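The values are calculated or read from the model by the stated rules, or taken from the named source; none is laboratory data. The shown structure was predicted, so the numbers you read here are calculated from the model rather than taken from an experiment. Don't worry about glycine lacking a Cβ; one is built from the backbone with ideal geometry, like all the others, and counts go over all protein chains shown. Side chains included, ligands, DNA and RNA excluded: accessible areas come from the protein's heavy atoms. Shrake-Rupley method; radii C 1.70, N 1.55, O 1.52, S 1.80 Å.
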Amino acid sequence: MAWYDSSVFYHIYPLGLSGAPKKNEYGEPVHRLNALLPWVEHIQSLGCNALYIGPLFESGSHGYDTTDYRKLDSRLGINEDLRNFVLECHRQRIRVILDGVFNHVGRDFFAFQDLKRNRENSPYRDWFCNVNFWGNNEYNDGFSYDNWGGYNLLVKLNQRNSEVQNYLCETIRMWVSEFDIDGLRLDAADVLDFGFMQTLRRLANEVKPEFWLMGEVIHGDYTRWANDSMLHSVTDYSLHKALYSGHNDHNYFEIAHSVKRLNGLTGDRIRLYTFTDNHDVSRLASKLNNKAHIGPVTMLAYLLPGIPSVYYGSEFGLEGEKQWGSDWNLRPDLSLDDFDENGELPCLIRALGRIKKEYPEATYGEYRELLLTNRQYAFARVLDGKCIVTAVNNDDAPARLLIPLPVHAQTAANLLTLPEETEEGRKQAESGRIEKLAVENGKLAVSLAANSGVVAYVYSIPSGSM
């Protein structure tokens, strides 16, 4: 399997985390990206082995109004800073993917500036969609054009134009050769041209082994974008919504239905990018009616089918609500010195990261629903006759569950009780340092505290030994 299939991602919005000014004055570079280097060790300590960081390239404001694709944003530093940052990530065995903002550019982008100057005579007039020299806009350009989201600040690129395609493909080649990146998250992939994404997939197969393409897609049949000829994966907004609302409404049926629907679409071929929050949506701690549900939600995000990710600061239970007209509240300047690395939530995330690393069942195992009520939910990930069972409780009262097992078993162990100072692996369970769980008549017996969960490794009985 490719590296990304078993990855656990960390997600950084660098302009926010570094405390960069919200508006770019295009002055002398300030090497703020270097200040993020301590986060690399933190990412590795959480058990994350991949980083999605972006946007990074020169822009006028929030990073998605690109003005120069081939230059690190001067608020973050210079290209050498990015090269060294990726090098340090790789030294700590962390893959790096960047934002590919290819649907639109900022108004200061060189080709659009030429269009403003030369109008009909500009060699770049066909680089943009539906340029109308009989129209106008709020900038009084004397022409109109397509944009993203109704914002003329974001000028839509014509991805069907061969020159645009060549320019963007050469940009990606430059990013790989100069920065050694491992993949791209494609911004606004749900409105990118399908032919262009097919071109990107062919390019991905050329520039680097297992170069990953993941797209930002909100709604719809995700396999329209994620398939053998286009992207490897897309953002799983369907499960994102189900994870928090299924807890707010005490309705695990919503989560289970979402999982079954997505499995029906993608099967074992495609692993979707799973998240509880990101730079565009309110933080999990702000979306949940009961913050005690953060633990069960996080467990599900890690252990349901998908490629899990952690948005910076959310491992500490950070709050942040999306505001009308601004996402900066979701993208704060943080310092690791202000947080407790040994708090309950960081320790849970580290434990889940260990489980993903040490137990292939947690990543590659077939999903099987075992128990489902409004307030309790259990499922297995089964691989080669071995399985991990996850059980969660969203009730304010404890719950005693008897969970039917998909394998013959004699005992089980709670993997969340593995002490951090011990060496990882299955041998620890046999040494008695993990809480043992009972198996009674083919059912796993677990007692769950209020708003909690368990991750159990089931010791199966080899066939023929019964």
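Tabulated values for the structure
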{"quantity": "Accessible area of the range 135-288 belonging to carbon and sulfur atoms, whole % at 1.4 Å probe", "calculated": "47"}
{"quantity": "Separation in nanometres of the label points that stand 7 Å from Cα toward Cβ, at Asp327 and Gln198", "calculated": "2.9"}
{"quantity": "Geometric extent, Cα atoms of the range 207-345 - Rg, Dmax (angstrom)", "calculated": "15.9, 47"}
{"quantity": "Gain upon complete extension [Glu163, Leu383; 0.36 nm per residue less C-alpha separation]", "calculated": "74.5 nm"}
{"quantity": "Angle in degrees between helix 344-358 and the longest Cα principal axis of the chain, rounded to the nearest 10", "calculated": "80"}
{"quantity": "Efficiency of FRET from Cβ geometry, Gln92 and Asn374, R₀ 51 Å, rounded to 0.05", "calculated": "0.75"}
{"quantity": "Selection from Asn140, Ile43, Asn103 lying farthest towards where the dipole of the range 36-153 points positive, charges on Cβ", "calculated": "Ile43"}
{"quantity": "Cleavage-rule hits (trypsin sites (Lys or Arg not before Pro)) in the range 247-298: DSSP loop, at most 15 neighbouring Cβ within 10 angstrom", "calculated": "Arg269"}
{"quantity": "Long-range amide H partners of Gly183 with built H, under 5 Å", "calculated": "Leu98, Trp212"}
{"quantity": "Reachable lysines from Lys241, criterion Cα separation under 25 angstrom, eight or more residues apart if same chain", "calculated": "Lys260, Lys287, Lys291, Lys322, Lys356"}
{"quantity": "Between 0 and 90°, nearest 10: helix 294-303 axis offset from the chain longest Cα axis", "calculated": "80"}
{"quantity": "³J(HN,Hα), Karplus 6.51/-1.76/1.60, whole Hz, each residue of the range 219-234, x for Gly, Pro", "calculated": "10, x, 7, 4, 6, 5, 9, 9, 6, 5, 10, 10, 9, 7, 7, 9"}
{"quantity": "Surface/4 of the Cα convex hull for the range 6-129, nm²", "calculated": "8.6"}
{"quantity": "Length released on extending from Ala449 to Asn342, taking residue separation times 0.36 nm less the Cα-Cα span", "calculated": "36.4 nm"}
{"quantity": "Kirkwood Rh in Å, taken over all unlike Cα pairs in the range 301-404", "calculated": "16.3"}
{"quantity": "Neighbour cut-off at most 11 other Cβ (10 Å), DSSP loop, GluC sites (Glu not before Pro), the range 1-69", "calculated": "Glu25"}
{"quantity": "Stretch gain in nm, segment Tyr26-Asn227, where the contour uses 0.36 nm per residue and the Cα spacing is subtracted", "calculated": "68.4 nm"}
{"quantity": "Mean separation of Cα contacts under 8 Å, 6 or more apart, over the residue count of the chain: relative contact order %", "calculated": "12"}
{"quantity": "Using θ = phi - 60° and Karplus 6.51 cos²θ - 1.76 cosθ + 1.60, couplings along the range 366-381 (whole Hz; Gly, Pro as x)", "calculated": "5, 6, 9, 6, 10, 8, 8, 9, 4, 10, 9, 8, 9, 8, 10, 10"}
{"quantity": "The chain, Cα convex hull volume normalised per residue, Å³", "calculated": "144"}
{"quantity": "At R0 = 45 Å, FRET efficiency that the Cβ-Cβ distance of Ser45 and Asn136 yields, to 0.05", "calculated": "0.25"}
{"quantity": "Scattering curve values for the range 47-115, log₁₀ I(q)/I(0), Debye with Cα scatterers, q = 0.11 Å⁻¹", "calculated": "-0.30"}
{"quantity": "Exposure rank, largest accessible area first [Val96, Val191; 1.4 Å]", "calculated": "Val191, Val96"}
{"quantity": "For the range 284-290, Karplus couplings with θ = phi - 60° (6.51, -1.76, 1.60), whole Hz, Gly/Pro x", "calculated": "4, 4, 8, 7, 7, 5, 10"}
{"quantity": "Residues whose placed amide H lies under 5 Å from that of Leu51, excluding near-sequence neighbours", "calculated": "Tyr10, Arg95, Val96, Ile97"}
{"quantity": "Binned Cα-Cα distances of the range 220-294, short to long, each 5 Å bin given as a whole percent", "calculated": "3, 16, 24, 21, 17, 12, 6, 1, 0"}
{"quantity": "The chain: angle of helix 194-207 to the longest principal axis, Cα-based, in degrees nearest 10", "calculated": "70"}
{"quantity": "Simple label model, 7 Å out from Cα along Cβ direction - Asp249 to Arg173, nm", "calculated": "5.0"}
{"quantity": "Per residue, in Å², the accessible surface of the range 151-243 once ligands and nucleic acids are set aside, probe 1.4 Å", "calculated": "37"}
{"quantity": "Once the Cα gyration tensor of the range 132-176 is diagonalised, semi-axes √(5λ) in Å", "calculated": "27, 12, 8"}
